[in-house]
Amino acid sequence: MRSCASSFAGPARFNEILAAIPGLSDRLLTERLRELEREGLVARTVSPDRPIRVSYDLTERGRSLDSIIEQIGAWAERWVE
């Protein structure tokens, strides 16, 4: 099983993240990314090129949660219907 952190091993654009999480709205993803950025778990990078591209990547602090998220995922696969 791949964890959330492993799923985005490198920078990902907003639409890539949105497509990877079924049923997630644009608004909710925007709110969560801002929250994660404020907490230092996600870094937002804006490229100066045209067209402007925004990508999100886990920080070292965010990557440190990988094993915890993996364990929660394993638990959910076993116990959540």
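A few comments on the model shown:
- Under a Gaussian network description of the chain, with springs only between Cα atoms under 10 Å, the residue in L28, L41, L65 that fluctuates furthest is L28.
- Residues in the chain average 79 Å² of solvent-accessible surface per residue, probe 1.4 Å, ligands and nucleic acids excluded.
- Accessible-area rank, largest first, for E16, E81, E31: E81, E16, E31, with all protein chains present and a 1.4 angstrom probe.
- Placing +1 on the Cβ of every Lys and Arg and -1 on the Cβ of every Asp and Glu, with nothing else charged, gives the chain a dipole about its Cα centre of roughly 240 debye.
- Overall, the accessible surface of the chain at a probe of 1.4 angstrom is composed of carbon and sulfur to the extent of 53 percent.
- Accessible area per residue was computed with a 1.4 Å probe on protein heavy atoms; D66 scores about 40 Å².
- Gyration tensor analysis over the Cα atoms of segment 35-78 returns equivalent ellipsoid semi-axes of 29, 12, 8 Å (largest first, whole Å).
- For the chain, the Kirkwood estimate of the hydrodynamic radius, built from every pair of different alpha carbons, is 13.7 Å.
- On full extension, the segment bounded by A76 and E60 gains 3.3 nm, given 0.36 nm per residue less the C-alpha separation.
The values are calculated or read from the model by the stated rules, or taken from the named source; none is laboratory data. These numbers come from a predicted model, not from an experiment. Heads up, the Cβs are rebuilt from the backbone with ideal geometry, glycines too, and the neighbour counts pull from every protein chain shown. Please note that ligands, DNA and RNA were not included when accessible areas were found on the heavy atoms of the full protein model with its side chains. Shrake-Rupley method; radii C 1.70, N 1.55, O 1.52, S 1.80 Å.
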